[in-house]
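Every read-out reported here was derived from the displayed coordinates using simple, explicitly stated rules and does not represent laboratory data. Everything numeric here is computed off the predicted structure, so don't read it as measured data. Heads up, the Cβs are rebuilt from the backbone with ideal geometry, glycines too, and the neighbour counts pull from every protein chain shown.
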Amino acid sequence: MTSYHPTLWRTCRTLANGKRLRCLRAVLKEPGLTVGEVAARVGVAENHAGECLRALQARGLIEARRHSRWVRYVPVPDPLVPVARPLLVALRVALVTACGEPADVFRMLTGFTHPRRLVILRTLSENGPLSLDELVRATAITARALYRHLDKLLARGLVEREDDGWRLAAKPSSLATALLELATRQDPDTPPEVCQRRRRGGAHS
């Protein structure tokens with residue numbers, strides 16, 4: 001039976017929030033901001049900014065550092081959270097380098113906020129294209145639920161429907177590509193550099 005991957009979808013669910021994304025963008029653009037400074041940049045109450053920053057810190061995406069009597073936030077990934085570093089790199093590109101809108105990033109992240117959608121993406125990555133009946137057998141997800149999740153993935157440009165069935169999208173966005181890499185990694189709870197060493201050494205998960 002295909003196993004669900006809890007880390008990525010829970011992290012994306014945390015990130016799929018407009019205020020949290022704006023707070024993260026503020027920290028990415030100006031590392032070392034205090035809660036009050038983040039609140040001012042984002043235009044939210046200080047207590048709301050604090051809640052957002054604590055949620056991001058809990059997912060390993062930022063770090064709180066005390067300087068004198070101030071706590072400042074920096075975009076440093078937690079090494080104990082395997083998806084944190086590659087996800088933070090992708091979000092920096094989407095939110096800062098490419099000047100993307102948090103609303104667009106939010107929409108893409110919502111494609112990865114359910115464990116069944118990660119199962120579908122990984123199954124299509126390994127075996128696609130697949131018909132709906134083949135997906136039902138491969139994922140143990142009902143046809144009704146598959147239709148619902150596939151519609152969400154299709155709307156976000158993550159999958160395509162063709163005559164021979166469903167497949168991963170041929171040209172996803174850069175953020176989608178990074179998220180798909182994490183979602184379809186053979187050993188998703190292992191840092192990518194470890195996976196690369198295993199592949200070079202011919203080891204099997």
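Before moving on, here are some points about what is shown:
- Across the range 137-143, rounded Karplus estimates of 3J(HN,Hα) from the backbone phi angles (6.51 cos²θ - 1.76 cosθ + 1.60, θ = phi - 60°) give 5, 6, 9, 6, 9, 5, 4 Hz, Gly and Pro being marked x.
- Relative to the longest principal axis of the Cα atoms of the chain, the long axis of helix 192-201 lies at roughly 40 degrees.
- Spin-label proximity, LYS29 to the range 80-100 - amide N less than 20 Å from point 7 Å beyond Cα toward beta carbon: 88-100
- For the range 106-185, fraction of C-alpha pairs farther apart than 14 Å, in %: 55
- Fully extended contour minus Cα-Cα distance, from ALA145 to ARG167, at 0.36 nm per residue: 6.2 nm
- For the range 44-142, with +1 on Lys and Arg beta carbons and -1 on Asp and Glu, the positive-most of ALA64, THR139, PRO79 along the dipole: ALA64
- Segment ALA155..LEU80, full-extension length gain: 23.7 nm, with 0.36 nm per residue of separation and the alpha-carbon distance subtracted.
- Sites ASP104 and VAL136 - FRET efficiency at Förster radius 25 Å, r taken between beta-carbons, to 0.05: 0.20
- From the coordinates shown, Rg/Rh (Cα atoms, Kirkwood Rh) corresponds to which of (1) 1.02; (2) 1.00; (3) 0.95: (1)
- Extended-chain gain in nm, criterion 0.36 nm per residue less alpha-carbon gap, ASN47 and ALA64: 4.5 nm
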